[in-house]
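Undergrad: Take this structure, written in structure tokens, and hold onto it; I'll ask about it next.
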């Protein structure tokens, strides 16, 4: 093996390949210290496209001196058989799980491509509506709009409200608005009156002052807004207000937007 | 089996459970005509939380008259063993794939929870930056901003630019701006001058007039803007302009934002 090169890993699918990539990255994160170069091969749904992918496998094998890994979700077993002529480690998610599911459910699967993100179901329409909602209600919204939200994220400027509310809308179809806590709220030392009627759907976000300071410095270097002292004061004030009002809050410091979004979903579900 | 009820399917993980849910939904989409009620159990990382989940499995089994399906990603084998005391069909994504990967890579996996969406890597930072970019550059941006975009989506109002650019940023870390084509562009019958220097990173979106009409009707019922005739004219004009300038475009009519986003990624990669 040529140690200077990275090992190739291919995410192959006759659909978008997003499932293969998501699981593949989860699996690879368990193997520290090994570098991979990742390649996506979506929509591999014909012998021609399979041939392209096979050529890449051979090339990568020769270049790296070691066979590539192939993580796939293939609905079409014929295309899958073609690919398997090459020397690689093939892990096919659908292959492994479709058979036990067919047995358990007592029916055959459709083996149809492109259903994962199907547009026909109401879940999809719901997600698109939620995304529009999140965009339209980013950073300060009217009371009328807050009424229609499933969740309202509050916190200081740049603590992560926007990406978290977008993720909530995109992944879970939740209509998430967000509402920044600003210096005049801190002076009054209480939550804006607009928010109080919606206390039961408020979720707070917080973050370590040092991390907030770094994020704000990128946006407005050397400003008062970005100063560590300002970040410290704002966060302390925001947490105090949320504590007083009994608002649950989540710390973005060492957690990703995905993790926080799932925690917020858990809170929402518990209330329902 | 009680036919009036839906069969329970649980997405269980000691992490966010997003991987289990993504794959699980992909698998279930292959079984038409069977209704499932889906439940998420994220962060099942202690015997207490496992016990909660086990209680739910028993309850669902009794209620449905048939054992539930459990799709899981469990890093901690001890928690997994606890769950498996219950009667359900367990499909554990990590269990099935970690062993062959360990063998292939010649190392042991970390069996550590919460690495999938790790915050420490530059990929995460890149995604967050791209999301901010997409939000800041939604619907009409300055020429200076267009320069910094990886991709600029163009198309008529409400054809799907916003959710697609957000998905591109969130899933792939692409800095996607979007730029609406508006009636005055159609009158001039050419792309706005602002866009022309960036021809190589323009991607068009289009949609069937009937579908656009439905979407616009929801937004502004009985307006000129939403009239089928307007939709037809705008789409024809937009497609003509894109054809003249040699801009690749994608049809949102029967494809999801995920599918279109992956196709745009393929175009971006080919150019690089």
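Computed from the coordinates by the stated procedures, all read-outs in this text should not be read as laboratory data. Owing to the predicted nature of the structure, the values given are computational and were not obtained by experimental measurement. Quick reminder, even Gly has a Cβ in these numbers, built from the backbone with ideal geometry, and neighbours come from all protein chains shown.
Undergrad: If I take every Cα pair under 8 Å that is 6 or more residues apart in chain A, average their sequence separation and divide by the length, what percent do I get for the relative contact order?
TA: The normalised contact order for chain A reaches 14 percent.
Undergrad: Taking a label point 7 Å out from Cα toward Cβ, give me the nm distances from residue B:194 to the same spot in the other copies, shortest first, one decimal.
TA: 2.6
Undergrad: Here's another thing I want to ask about it. What is the average number of partner chain Cβ atoms found within 10 Å of a Cβ in B:170-182?
TA: Going residue by residue through B:170-182 and averaging, the value is 1.
Undergrad: Let me ask something else about it. Please give the Cα centre distance for the stretch A:209-239 versus the stretch A:2-43, rounded to the nearest Å.
TA: 37 Å
Undergrad: Shifting gears a bit: Can you list the copy-to-copy distances for residue A:229, using a point 7 angstrom from Cα toward Cβ, in nanometres, shortest first?
TA: Here residue A:229 shows inter-copy label distances of 6.6 nm.
Undergrad: I've got another one for you. Evaluate peptide B:10-18: per residue, the Cβ atoms of other protein chains within 10 Å of its Cβ; return the mean as an integer.
TA: Across B:10-18, the average partner-chain Cβ count within 10 Å equals 3.
Undergrad: What is the order of A:259, B:184, B:218, B:104, fewest Cβ neighbours within 10 Å to most?
TA: Fewest to most other Cβ atoms nearby, the residues stand as B:184, B:218, B:104, A:259.
Undergrad: Now for a separate question. By counting other Cβ atoms within 10 Å of each Cβ, how are B:164, B:206 ranked from fewest to most?
TA: The fewest-first ordering by Cβ neighbours comes to B:206, B:164.
Undergrad: Taking only Cα atoms, what is the 0 to 90° angle, nearest 10, from helix B:257-271's long axis to the longest principal axis of chain B?
TA: 70 degrees
Undergrad: Can you tell me the FRET efficiency between residue B:248 and residue B:52 if r is taken as the Cβ-Cβ distance and R0 is 60 Å, rounded to the nearest 0.05?
TA: 0.75
Undergrad: A further question on this structure: For the peptides A:167-174, B:229-236, what is the packing order when you average, over each peptide's residues, the other Cβ atoms within 10 Å and list the highest mean first?
TA: Top to bottom by mean Cβ count within 10 Å: A:167-174, B:229-236.
Undergrad: So for B:80, B:35, fewest C-beta neighbours within 10 Å to most, what's the order?
TA: B:35, B:80
Undergrad: Still on this structure, I have one more. For the protein assembly as shown, what is the mean residue ellipticity at 222 nm derived from helices alone (per DSSP H run of n ≥ 4: -39500 (n - 2.57); sum divided by total residues; nearest 500 deg cm²/dmol)?
TA: -15000 deg cm²/dmol
Undergrad: Give me the extension gain from residue A:78 to residue A:269: residue separation times 0.36 nm, minus the current Cα-Cα distance, reported in nm with one decimal.
TA: Length gained between residue A:78 and residue A:269: 64.5 nm.
Undergrad: Report the label-to-label distance for residue B:236 and residue A:59 in nanometres (one decimal), using points 7 Å from each Cα along the Cα→Cβ vector.
TA: Once both label points are built, they end up 4.4 nm from each other.
Undergrad: Further question: For residue B:189 paired with residue A:145, estimate the spin-label separation in nm (one decimal), with each label point 7 Å from Cα along the Cα-to-Cβ line.
TA: 3.9 nm
Undergrad: For the stretch B:7-105, what is the per residue volume of the convex hull drawn over the alpha-carbon atoms, in cubic angstrom?
TA: Per-residue hull volume (Cα only) is 95 Å³.
Undergrad: What do you get for the angle between helix A:209-219 and the principal long axis of chain A? Use alpha-carbon atoms, 0 to 90 degrees, nearest ten.
TA: Tilt of helix A:209-219: around 80 degrees.
Undergrad: List the distances, in nm and shortest first, from the label point of residue B:122 to the matching label points in every other copy, placing each point 7 Å from Cα along the Cα-to-Cβ direction.
TA: Reported distances to equivalent positions: 4.6 nm.
Undergrad: Could I ask something else about it? Based on the mean of other Cβ atoms within 10 Å per residue, sort peptides B:191-200, A:63-72 so the most packed one is first.
TA: Ranked from most to least packed, the peptides come out as A:63-72, B:191-200.
Undergrad: Shifting gears a bit: Hey, what did the stretch A:142-260 get for relative contact order, percent, Cα under 8 Å, at least 6 apart?
TA: 31 percent
Undergrad: Could you tell me which of rounded, prolate or oblate describes the protein assembly as shown, using a ≥ b ≥ c as the square roots of the eigenvalues of the alpha-carbon gyration tensor, with rounded for a/c under 1.5 and, failing that, prolate when a/b is larger than b/c and oblate otherwise?
TA: The shape class here is rounded.
Undergrad: Additional query: Which value in nm describes the separation of the simple spin-label points at residue B:225 and residue A:103, placed 7 Å from the Cα toward the beta carbon?
TA: Those two pseudo-labels are separated by 5.7 nm.
Undergrad: With everything on Cα atoms, drop me the angle between helix A:18-28 and the longest principal axis of chain A, reported from 0 to 90° to the nearest 10.
TA: That works out to roughly 90 degrees.
Undergrad: Before anything else, pin down the relative contact order of the stretch A:7-105: Cα pairs under 8 Å, at least 6 apart, normalised by residue count, whole percent.
TA: Computed over the stretch A:7-105, the figure is 34 percent.
Undergrad: What is the average number of partner chain Cβ atoms found within 10 Å of a Cβ in B:100-110?
TA: 5
Undergrad: If you take the beta carbon distance between residue B:38 and residue B:218 as r and set R0 to 22 Å, what does 1/(1 + (r/R0)^6) give as a FRET efficiency, to the nearest 0.05?
TA: The pair residue B:38/residue B:218 has a calculated efficiency of 0.25.
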